[in-house]
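Report on the structure given below.
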Amino acid sequence: MDKYAAALPGCPRLGAKRMRGLIEFFHTAEDVWKASDEDIRKSHVLHGNGEAAFLAWRHDTNPDAIMEKLIQNHIRCCTWEEEGYPALLRTTANPPAVLFYRGKLPDHEKLIAIVGSRKATAYGVQTAGRFARGLAEEGITVVSGGARGIDSASHEGALAGKAPTIVVAAFGLDRVYPPENRNLFHQIVEEGGAIISEYPLGTPPLGRQFPARNRIIAGMCRGVIVVEAAERSGSLITSDFALEEGRDVFSVPGSIYIPSCKGTNQLIRNGAICCTSFKDVLSEYGWEKQEEKPEKPGKESLTLEEEMVYKFCCTENEVQAEDILQQSGLSVVRLTMLLLRLQLKGYIKETGPGRYVVIGQ
């Protein structure tokens, strides 16, 4: 791990393009760091306030201290020129010059992004989780943004499908956002996935960073599935980046009466691939497996919340989500997420809209 490369992203006003320009001009990040102020000026990579900011920042920054913090936080980094860097992302118009990561970066190109609304409906949460699990069971790595709603359901589904999943964060990896996903992020790393970011340690999750993050999600994947998106949505920004990079955009159709489905329905009208099953993605790329799948191991253990909902499901032969909602005091979205987890873990199955039975009873 190159301590000089790890230090560069912390410089204010130094974007990915300028960072790559400096490294290409001076050949290595260490050479950038050790070049004289005059040599930096003569390179003409930086200009005006950006040049002055870089020279002042470099003078006051200690790469060894940055490296020590990364090691303490179990975070590594690589540049776009290194072998371990995601292959598809390297080919994009503006790849991050330096990528920080906790966990294991993917070493293949079977990556699909699943994105959508933070304020997802029960339909969206269930769809994202089931698509992610189906893809994961076929050996596909699911990439998303780690946010509430569709993103979280996608990561949960991928974990249930026993495949690594990747979170692309819009903040420094010593932060956690949203905070309730701390355990989810930990599980993702423990099970062979990764949390990645182009932002240095200490960077908070600021709004302007999320669109830039979305270009990474789109850039490292073969295609992007948009599950739910309003007419003005960050997910549509991700789909735009995907189209700019020549990647495929899949869109899940939704109700014409639900605002969070207007964007996805519009994508289909504009030529996106209509996606009603994860198998549509497998078929598009010829990724279907012919051999039989091995038997799956025993059921996963339940969290306290999952155990509570499961006990409600055990009270009758068939239970309705509405009854559980009234008795549990959970929100609709939270209950939907928990019911999805119980389905993904093999404890219950849905027999009809909002109706569930326990498997094995």
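Tally up the residues in the range 274-304 that are among the acidic types (D, E) and modelled with pLDDT of 85 or more, please.
Here the count works out to 2.
Considering only residues that are out of contact with any Asp or Glu (no Cβ under 9 Å at 6 or more places or on another chain) and farther than 23 Å from L236 by Cβ, look in the range 108-139 and name the one that is most open to solvent (accessible area, probe 1.4 Å).
E109
Residues in the range 236-270 that are more than 18 Å from T121 (Cα to Cα), of a type outside the set (F, W, Y) and not in a helix (DSSP H, G or I): how many?
6
Return the residues of the range 177-192 that are within 20 Å of M337 (Cα to Cα), in a loop (DSSP other than H, G, I, E, B) and open to solvent by 10 Å² or more (accessible area, probe 1.4 Å); say none if nothing qualifies.
Y177 - this is the single residue of the range 177-192 that is within 20 Å of M337 (Cα to Cα), in a loop (DSSP other than H, G, I, E, B) and open to solvent by 10 Å² or more (accessible area, probe 1.4 Å).
Identify, please: which residue in the range 332-356 is under 12 Å from V319 (Cα atoms) and either out of contact with any strand residue (DSSP E or B) (no Cβ under 7 Å at 6 or more places or on another chain) or polar (S, T, N, Q) (or both) and is, among those, surrounded by the most Cβ atoms within 10 Å (Cβ to Cβ)?
T351
Could you give every pair whose Cβ atoms fall below 7 Å, whose first residue belongs to the range 86-115 and is within 29 Å of G129 (Cβ to Cβ), and whose second residue is part of a strand (DSSP E or B) and open to solvent by 20 Å² or more (accessible area, probe 1.4 Å), counting only separations of at least 6 or pairs across chains?
Pairs found: Y101/R76.
Quick one: how many residues across the range 48-65 are under 34 Å from the mean Cα position of the chain (by Cα), more than 23 Å from C77 (Cβ to Cβ) and open to solvent by 40 Å² or more (accessible area, probe 1.4 Å)?
1
Would you please list the contacts, defined by Cβ atoms under 7 Å and residues six or more apart or on different chains, that run from a residue in the range 11-24 that is within 16 Å of C78 (Cα to Cα) to a residue that is among the charged types (D, E, K, R)?
A16/E198
Got a number for residues in the range 311-328 being in contact with a Gly (Cβ under 7 Å, 6 or more places away or on another chain), open to solvent by 40 Å² or more (accessible area, probe 1.4 Å) and not charged (D, E, K, R)?
Result for the range 311-328: 1.
Can you confirm whether E51 is out of contact with any Gly (no Cβ under 9 Å at 6 or more places or on another chain), assigned to a loop (DSSP other than H, G, I, E, B) and not small (G, A, S)?
no
What pairs can you find where one residue is in the range 201-214 and surrounded by 14 or more Cβ atoms within 10 Å (Cβ to Cβ), the other is among the basic types (K, R), and their Cβ atoms are less than 8 Å apart, with a gap of 6+ or different chains?
L201/K69; T203/R175; P205/R175
Please work out which residue is nearest to the chain's Cα centre (by Cα), limiting yourself to the range 329-355 and to residues that are of a type in the set (S, T, N, Q) and more than 13 Å from E307 (Cα to Cα).
Looking at the filtered set, the residue picked out is T336.
Is it the case that the range 104-127 has a residue that's closer than 29 Å to G354 by Cα, of a type outside the set (F, W, Y) and in contact with a Phe, Trp or Tyr (Cβ under 8 Å, 6 or more places away or on another chain)?
Yes: the range 104-127 contains one or more residues that are closer than 29 Å to G354 by Cα, of a type outside the set (F, W, Y) and in contact with a Phe, Trp or Tyr (Cβ under 8 Å, 6 or more places away or on another chain).
The values are calculated or read from the model by the stated rules, or taken from the named source; none is laboratory data. Keep in mind that what you see is a predicted model, and the values were worked out from it rather than measured. Quick reminder, even Gly has a Cβ in these numbers, built from the backbone with ideal geometry, and neighbours come from all protein chains shown. Accessible surface areas use protein heavy atoms only, side chains included; no ligands, DNA or RNA. Shrake-Rupley method; radii C 1.70, N 1.55, O 1.52, S 1.80 Å.
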